[in-house]
């Protein structure tokens, strides 16, 4: 409803979340870099992406960074000493998560999975899966693999330069250089029959540059990585070796990663370090929130087509020959500023008509103001005769108008209702919720719908449904809200009566369940037990020589025991005696154990702060979980489920979660959704709410919240 921020009533709404936001939980993240970021633009891009992504998380992150030297081969003894040094260094401030940037830090941890901060999940990035070889990663590892696909770049090069016959691959002798070269050789193997492919990967830089100056016509160069040349000289690949290669080459140079573009290279299908950093940050945030790495699939970072327009122009390549969706860096001045140029020329033309437009606008404004006054008069005439309560608010959230029906309903003068005065007629219990709904909708400029109790002129509070929609001026500026409210008290009373009927129906259903369960347990189960005993005696009395009859009797005994177990399980599902005797936690634990054993699945049940609950609320939550687990086992397609029961000072929360096939909640038909309808009806009897979030191929989460205060009486 229309209101401004009320200083006293809404202080808790605005300031409590702010105070809570300042008390973020502190988490520690250790980043192990393959190289010092200053020595590697790729590592710097990854680190920046990780830090930027995690700074937006719900935690206060303490970042720690360690750097290895990718060009130094570390033996097992040195690795062990290095791990022990790190463990000692971070004693007392053990990381909550470790992020490895590059292959060497990943190998360092993979060789000592249980010896290096064994409780800390590891998120890897900055390496390709092929580099790891046959090394297997443990369950605490997850992350993002980079993709190096030079074949895609060669395909683009052949389209840009159709007569290409020679491909020269340049690279270094450093450990990382060799890893990348191996991937390139494997990826380009199918091109060896139709292209002359030469690998210049074991030369010192002066010799390499000399060879590049004398390449034959119709050649393209593919630059992999040169962090160290054959003479043992170390380079920063993007800022040192790439410019040296480009300056000497008499052919266009394509590259493998995005940080090498913009230094004279043409580009290609490149590995994006910044994108990898963002994905690693997202995975790390999920791990910090409690997800297990084993449940987070490893991602293969999407490569991108990226090109430098300046290099395209230098070699006479056409931008139209680039793959669709390619990213173009450093476009020509006309491409970058053509709209400014067109705008400048157009401005002169527009200025000529501006003077005439201003004169016309003045006359039009005069006519519009007259029409607006007439329109407002017509609106007030119609609104005052409408049989609904109508209000209007300005951009400052203060009410500026109430129609005659509103004033007659409340029995108050319009001066008393304007601004925030109308709130004096709202029931005290509804003021906070009413204000919060309106304020949130107002800030979003969104339509809203809310219910509250409004005092009638005779002193009786009546339930109102109030709908407000935003208003905008002709120029698109926000003008405030207009809304209408109708009395739905009779409808609310009908809902209460219907709720009582639903409660009695559910109680009758539960009574029938208890009756059937007792019959199954006390009668049918006992008779099956006597039958099983009789079959056992019959089997014992058979002669040992009659093997066929003895085998049949044994099979009948086994089937009888299975039938007895099924009857017991059915009896427990119909009525849980543990729920009555031991309470909700014990009953849910037993339910999860029975369903896991019966269906061969894993159900992880956790609980916290669950106090004494009434039997009715316990039964409601038990039946909702029973329905959710039954649907999950039957339809989700997975074998693992999570159940959590948590108490708060004012409510009890039940959460069910799976990572199965999911479904579209809005598209469930009334027949296939009877289980969800039943769950909502049960929760509704206790003024509870059910939130269902399900996405196809991702999974389903169901959260039930039952308030512990102001519950309806059993006879309601």
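How long is the gain from residue 695 to residue 602 if the chain were fully straight, where each residue apart is worth 0.36 nm and the alpha carbon distance is subtracted?
Length difference between fully extended and current span is 31.3 nm.
Among DSSP beta bridges lying fully in region 580-716, give the percent that are antiparallel, nearest 5. Could the numbers behind the result be given before it?
Numbers: 22 of 29 bridges.
The antiparallel proportion sits near 75 percent.
How many nm separate the modelled label positions at residue 581 and residue 473, each set 7 Å beyond the Cα in the direction of the Cβ?
7.4 nm
Along its three principal axes, how long is region 25-145 when you only count alpha carbons? Whole Å, largest extent first please.
Answer, in whole Å and largest first: 38, 32, 27 Å.
Would you kindly state how much longer the chain becomes between residue 192 and residue 299 on full extension, computed as 0.36 nm times their sequence separation minus their alpha carbon distance, in nm to one decimal?
On the way: separation 107, 0.36 × 107 = 38.52 nm, distance 3.07 nm.
Separation in residues times 0.36 nm, less the Cα-Cα distance, equals 35.5 nm.
What is the spin-label model distance, in nm, from residue 529 to residue 78 if the labels are put 7 Å beyond Cα along the C-beta direction?
So the two model labels end up 7.2 nm from each other.
What full-extension length gain, to one decimal in nm, is calculated for residue 292 and residue 680 as 0.36 nm per residue of separation minus the Cα-Cα distance? Before the final figure, lay out each step's value.
Working: separation 388, 0.36 × 388 = 139.68 nm, distance 3.08 nm.
Net length gain for the segment: 136.6 nm.
Using the beta-carbon distance between residue 319 and residue 89 and R0 = 56 Å, what value does 1/(1 + (r/R0)^6) give for FRET efficiency, to the nearest 0.05?
Working: r = 52 Å, r/R0 = 0.92.
Efficiency computed from Cβ-Cβ geometry: 0.60.
Each label point is 7 Å from the Cα along the Cα-to-Cβ direction; what then is the distance between the points at residue 64 and residue 537, in nm?
7.3 nm
How fast does region 580-716 diffuse by Stokes-Einstein, in µm²/s, taking the Kirkwood radius from C-alpha pairs at 4 °C and 1.567 mPa s?
Working: Rh = 15.4 Å.
It diffuses with D of about 84 µm²/s by this estimate.
Each value in this text was obtained by applying a stated rule to the coordinates, not by laboratory testing. Everything numeric here is computed off the predicted structure, so don't read it as measured data. Don't worry about glycine lacking a Cβ; one is built from the backbone with ideal geometry, like all the others, and counts go over all protein chains shown.
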